[in-house]
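What follows is calculated from the coordinates using simple rules that are stated; it is not laboratory data. Note that the coordinates shown come from a computational prediction; the quantities given were computed from them, not determined experimentally. Heads up, the Cβs are rebuilt from the backbone with ideal geometry, glycines too, and the neighbour counts pull from every protein chain shown.
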Amino acid sequence: MLQPVSVGLKFGFLIVLYLFLLWVAASSLFDLRRGLGGRGRGQVPAGEPTGIHQTVDPLALLEGDFEPRLVVDHALGHDPGVAYDLMEPVTLGRGSVELRLEDPFASTRHAMITRQGRTVVIEDLGSTNGTYLNGEPLTGPQPLHDGDQIRIGDSQFTYYQ
């Protein structure tokens, strides 16, 4: 009498075990795809407005000058107040990048700042210690607004238009 129940419990346990392993594998694949530039949960695709802020200032469209720049507040190897032009894509990090940081808490390729029309967007490139925008960690590409504070490790920058 107990043998059919025992066999049924064994098969039930194996089914639950395989479902768990399948769930772990699917979650891992999802995380790996998100880390390689795919869209993860809660991330806004590049080029789409976030709904938090207006991405284009109507007054800026009337003005002819648009010179986005990143100004150093404090960063090892950079003088405070130095401004970097953001007309072309800029990668920040410790490796062979456009804006090299001498910060031990920065990854080799830490973050990227790109222009999408008149909108400038910052994105963390899967860094170990994260990129912070106005004190909050980045969870996906975010548009930059005049006066935004960017922190990478111990390095601090301010974005101006």
Within a Cβ distance under 12 Å of Tyr132, other residues only, what is the Lys/Arg minus Asp/Glu net charge?
-3
What are the ³J(HN,Hα) values, in whole Hz, obtained from phi via the Karplus relation 6.51 cos²θ - 1.76 cosθ + 1.60 with θ = phi - 60°, for each residue of the range 148-161 in sequence order, with x given for Gly and Pro?
4, 9, 10, 10, 10, x, 9, 8, 10, 10, 10, 9, 10, 9
Considering the zone a paramagnetic label at Asn129 would reach in this model (a point 7 Å from Cα along the Cα-to-Cβ line), which residues of the range 147-161 have amide N under 17 Å from it?
150-158
